[in-house]
Amino acid sequence: MTQDHRLETLRAALAALYRAEGRPEATRTAASLLAGVLAAEAQPPCALDALIRRTAATSPLPAARAVLAVQELVPWGTNPVADRTGSVADIIAVATLMSPEGPILSADFRLGLFYQRPDSYYPLHNHDADETYVILAGRADWTAGEDRLPRGPGDVIHHPSRMPHAFRTGPEGLLALWRWSGDINTHSYAILPDPDA
Ligand SMILES: [Fe+2]
């Protein structure tokens, strides 16, 4: 297994975001990230690679720069709910970095990176897990329960268990960090009826 300082930089940048979030589960996640290892393994090509790079390059955040620096090693295409996303699968890419199945092992958390194509809509969906997104690059109009707000780099959005959420991107696309905590089962993930879809 090859160590790669760029992956260490990425783990440190993501841990810094979680320390800043302040929730107890975020602080625990930061510690798990710093204690974990991401192996430098070549990944299959991601269909959205050029778009991900373009969006990441617009951000001043260290975590976005860290993703860009290590993009060819990010395991895009490892969405834990890929079998349940239906037509949404064509507009998103998900990379899992920590979960009960790895690559960083954790019994309590799932987390990773999320990308959504420019000018697309990820309709209302929900799940049992509590979830926190941190926007790394790009923008989206973000629905979280009754809230509808434009979100951009550095914004932190928390979805309590079962809260419906939806994202509409503009020309910039969207790169974000996501984390599940609490009940992290994947079978409860569901796309919901959405009048805006
Ligand atoms: Fe979610």
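General observations
- Counting 0.36 nm for each residue step from A16 to A57 and taking away their Cα separation leaves a gain of 12.8 nm.
- Among A57, T96, S32 - extreme Cα towards positive end, dipole of the stretch 5-191, charges at beta-carbon: A57
- In this structure, the amide hydrogen of M163, modeled 1.01 Å from its nitrogen in the peptide plane, lies closer than 5 angstrom to those of H127, counting only residues at least 5 positions away or on a different chain.
- Stretchable slack from R6 to A39, in nm (0.36 nm times residue separation minus alpha-carbon distance): 10.8 nm
- Global geometry of the chain, whether rounded, prolate or oblate, following the gyration tensor of its Cα atoms and the 1.5 cut on a/c: rounded
- Additional length obtainable on full extension of the chain from D194 to A47, 0.36 nm per residue less Cα span: 50.2 nm
- Mean ellipticity per residue at 222 nm, deg cm²/dmol - from DSSP H runs of n ≥ 4 across the chain, formula -39500 (n - 2.57): -7000 deg cm²/dmol
- Anisotropy class of the stretch 47-123 from Cα gyration tensor, a/c 1.5 cut: oblate
- Taking other C-beta atoms within 10 angstrom as a stand-in for reagent exposure, Y115, Y133 fall in the order Y133, Y115, fewest first.
- ³J(HN,Hα) computed for each position of the stretch 91-101 - Karplus, 6.51 cos²θ - 1.76 cosθ + 1.60, integer Hz, glycine/proline x: 9, 10, 9, 10, 10, 8, 10, 8, 5, x, 9
- Inter-site label distance for D90 and M163 at 7 Å from Cα along Cβ, in nm: 3.1 nm
- Dipole magnitude of the chain about its Cα centre (Cβ charges: Lys, Arg +1; Asp, Glu -1), debye to nearest 20: 440 debye
- Cβ-defined net charge surrounding A137, 14 Å radius [Lys, Arg +1; Asp, Glu -1]: +4
- Backbone HN-Hα couplings from phi across the stretch 116-129 [Karplus 6.51/-1.76/1.60, Hz, Gly and Pro as x]: 10, 4, x, 6, 9, 10, 9, x, 3, 8, 7, 6, 5, 5
Just so you know, all these numbers are worked out from the coordinates, no wet-lab data involved. Please read these numbers as outputs of a predicted model, since none were measured by experiment. Note that each Cβ is placed from the backbone with ideal geometry, even for glycine, and that neighbours are counted across all protein chains shown.
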